[in-house]
């Protein structure tokens, strides 16, 4: 670092402050020059004197006949050292320069500047050393004069005497006496023991681990961030601080770590009160994990269902849909969420809740949860019927499986248009049993589908199972004999139906009754029909 | 004085009328001192300069007092502003005055030219002779007491003064209760309390507690702030967090405490927030982090009064020290509680359990084994603590005074 670099730094700061003075705000180009100049001296601390600026012992600005008038008020306000942080931005340099430019040789201005520094106004970009200001010189340097009888400062001794009810004899050395006699004053007569029980050799009450834990929680950045963001949302005066987008980003970052139901409640309530700032924040708040994190937090909050209902009403349809899906997904494994979901369905209305869902993207666990939630409702068929055409294939059995057996067949007509799609290895393994369990009505639905499709795509096992169910329900003859005799139906399906018919002699007889078309049937079917007839003989 | 925060195109030259006399005096005394050093007292130029000093005094509003404290000059207790040249000259004059044992000049009427030449000669030579000048009193201000933050002043005394000044400021705020929050005055109180703690921490925590006199609302509010600051310091929080916690505590305590008892903490926080937010705007593009965080902390307690466990931990400390001062002056009793009673009374309160660490911090600050505390000894016998140290507590069990071998447990606090 050469003296020339140091002077360049001084001149760059001077120029930035003066341009701020001239233009009313700092000029970014001058800010860039200052940043470069500071980097050239390795971000060395800048020491403020009354009329000079220094880097170590080198004068950066002032000295000799050159007067830098703006330095003196800053020195009087107590600023002594400024060191830029590694992360300092040009904007922060400009802001500092503007504050320096604002600092006038007036007490009020000095106090404002000092309060700004003391309040961490420059803390994001700089480390600052602040000493006692000139305004505080008397009480810091001549403390007794601050309360001296001649009223050096306002109020003085008389004020102190009045406050302490005259018990302390505040003469020339009264403060000294009061301070030195504290131990005596602090003595409790009844025990004749000193209150000052602390001694250097005593172990501390607080274990260091406890201190560290408390310290960590107090200084955790995400906690403060959440605390601040909440205040900004609630206090319009603070909203000038941040754009909704920036606040949304800040909230999203913190909510990922500490999901806070109250903040969501505040946000949703504000949106519902038509607060445009909150609306913009909520709009920008979305992040992939939000719905899952939210419902998890709501599950463990006594007021979770109310907040969730508020949230669903406040957010965009797309986000509301994701939250609703997350709720169903959570309800599949967390009973607390089942309760919340039931409350939400009650408060929003089932129709409205279902409308939030993106039905084609319903996952199997979500579908199961939805079925369970609606299972007890008398209007389950009316609610779910319209969905049947859109529920994805893998989710359908889960949805139907969660419904009572007597409800499932009633939904079957809604599935009519999907039989071609649902067949092909799927129906027999998952869907068919659900209908078959539903009894005669369910079996009839399936049989009608089987008939309509001429058994196309159905597996032998599935057809056999359905056939047995129809035999049991007394519907086989009515529904399946036409299939057994139909040339359009695959031979394997027809054989499987014959297998099922074997369970009931009467049905077996009806199926195996000879007819001329049999001559054109495939050999395996003819063989199976023959075997049925052979079985029939011994029975007779 | 400029009220707005717009950057003004001025020359950074002081133009306050109040300091004009001081600037004139400094300029002319400086010239007189230099002239006398070069030409001596009988030279016509010296006489001419002394006359100019006298003329300047005659033109000023009398009486006036000038104080020279370190690098600052005060006229009638108000800080005087200088341009850089004037500032350098004020330092020279202050140094010359200090050399003859003077920090204060009080002027009642215009002194004679001869007396002014005598004063100038002493300033030039640096030899004081306890000069007596009619119309002008020269005196030291408590000579030998200077020292930043208790550097040379006895620390306990320094801390006591800082606390008393804080108390006076708190009374100013309390006098305008319900109005806008004076951030600058609040910050000044915090700075004084910081200086007091830096100088002498034990005195800082015990002075307002032990000093006689009525426990007024401002006194209790400052004491709550002192305790909060001390607890945060003990835990090792950074200075910015301590300032935020301290300021928030002060605002809530000054708003919520009553002559006896006080409002519920969340209600006090709500009202404090109204005051704080009404003066938030500084005219700057950004509100400084201190104000933002102070509001955020108070808001945290105000906006979810029932969800204490979700408050920021510093807000829970605020509640603890606030309740400490509410309990100090019970509404249903005519007497005030002391530190020991307060600690014992706080310990079983449910809200303490959310952050028992804060109560332990408070216990460490107040004194671990405060006399009067009910304790249980290792042998199961219960008694009242009389004193002693933590390793040898004296416990009155009814039948005898025993010296315990082990430290008893704090009530309500898990070790």
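Where does each of A:16-26, B:49-59, A:94-104 land if you order them by average Cβ count within 10 Å, highest first?
A:94-104, A:16-26, B:49-59
Compute the semi-axes of the equivalent ellipsoid of the stretch B:257-341, taking the square root of 5 times each eigenvalue of the Cα gyration tensor, and list them largest first in whole Å.
Taking √(5λ) for each eigenvalue gives 28, 14, 11 Å, largest first.
How large are Rg and Dmax for the stretch A:2-56 when calculated on the C-alpha trace, in angstrom?
Looking at the stretch A:2-56, its Cα Rg and Dmax stand at 11.2, 33 Å.
Distances longer than 24 Å among the Cα atoms of the stretch A:440-536: what percent of all pairs is that? Intermediate values should be presented prior to the final figure.
Working: 472 of 4656 pairs.
Result for the distance tail: 10 percent.
Sort the following peptides by mean Cβ neighbour count (other Cβ atoms within 10 Å, averaged over residues), highest first: B:159-170, B:225-236, A:335-346.
B:159-170, B:225-236, A:335-346
Residue by residue through A:446-456, how many Cβ atoms from other chains fall within 10 Å of the Cβ on average?
0
If I take every Cα pair under 8 Å that is 6 or more residues apart in the stretch B:224-266, average their sequence separation and divide by the length, what percent do I get for the relative contact order?
38 percent
Is there a simple number for the mean count of other chain Cβ atoms within 10 Å of the Cβ of residues in B:161-173, and what is it?
For peptide B:161-173, the averaged partner shielding equals 5.
Please list, short to long, the whole-number percent of alpha-carbon pairs of the stretch A:204-309 in consecutive 5 angstrom bins beginning at zero.
2, 12, 21, 21, 18, 11, 7, 4, 3, 1, 0
Let me know the Rg and Dmax you get for the stretch A:44-93 when you use only its Cα atoms, in Å.
Rg and Dmax of the stretch A:44-93, Cα atoms, are 11.7, 36 Å.
At 37 °C and a viscosity of 0.692 mPa s, what translational diffusion coefficient does Stokes-Einstein give for the stretch A:286-405, taking Rh as the Kirkwood radius over Cα pairs? Give it in µm²/s as a whole number. Mind dumping the intermediate values first?
On the way: Rh = 14.0 Å.
Diffusion coefficient, whole number: 234 µm²/s.
Could you work out the mean count of beta carbons from other protein chains within 10 Å of each residue's beta carbon in B:68-81?
For peptide B:68-81, the averaged partner shielding equals 5.
Does the stretch A:310-360 come out rounded, prolate or oblate by the C-alpha gyration tensor, with a ≥ b ≥ c the root eigenvalues, rounded set by a/c under 1.5 and, if not, prolate when a/b is larger than b/c and oblate if not?
Here the stretch A:310-360 falls in the prolate category.
For the stretch B:293-343, what does the equivalent ellipsoid look like in terms of its semi-axes, each the square root of 5 times an eigenvalue of the Cα gyration tensor, given largest first in whole Å?
One finds semi-axes of 26, 11, 9 Å for the stretch B:293-343.
How high is the relative contact order of the stretch B:183-302, in percent, with contacts defined as C-alpha pairs under 8 Å that are six or more residues apart?
24 percent
Compute the projected area of the convex hull of the Cα atoms of the stretch B:164-293, averaged over all viewing directions, and report it in nm² to one decimal place.
Mean orientational projected area (the stretch B:164-293, Cα hull): 7.9 nm².
Cβ neighbours within 10 Å, averaged per peptide: list A:384-390, A:81-87 in order, most packed at the top.
Values: A:384-390: 16.4, A:81-87: 14.4.
Taking the mean over residues of other Cβ atoms within 10 Å, the ranking is A:384-390, A:81-87.
Read-outs: derived from the displayed coordinates by stated rules, not from any lab. Every value quoted in this text rests on a predicted model; they were computed, and no experiment measured them. Don't worry about glycine lacking a Cβ; one is built from the backbone with ideal geometry, like all the others, and counts go over all protein chains shown.
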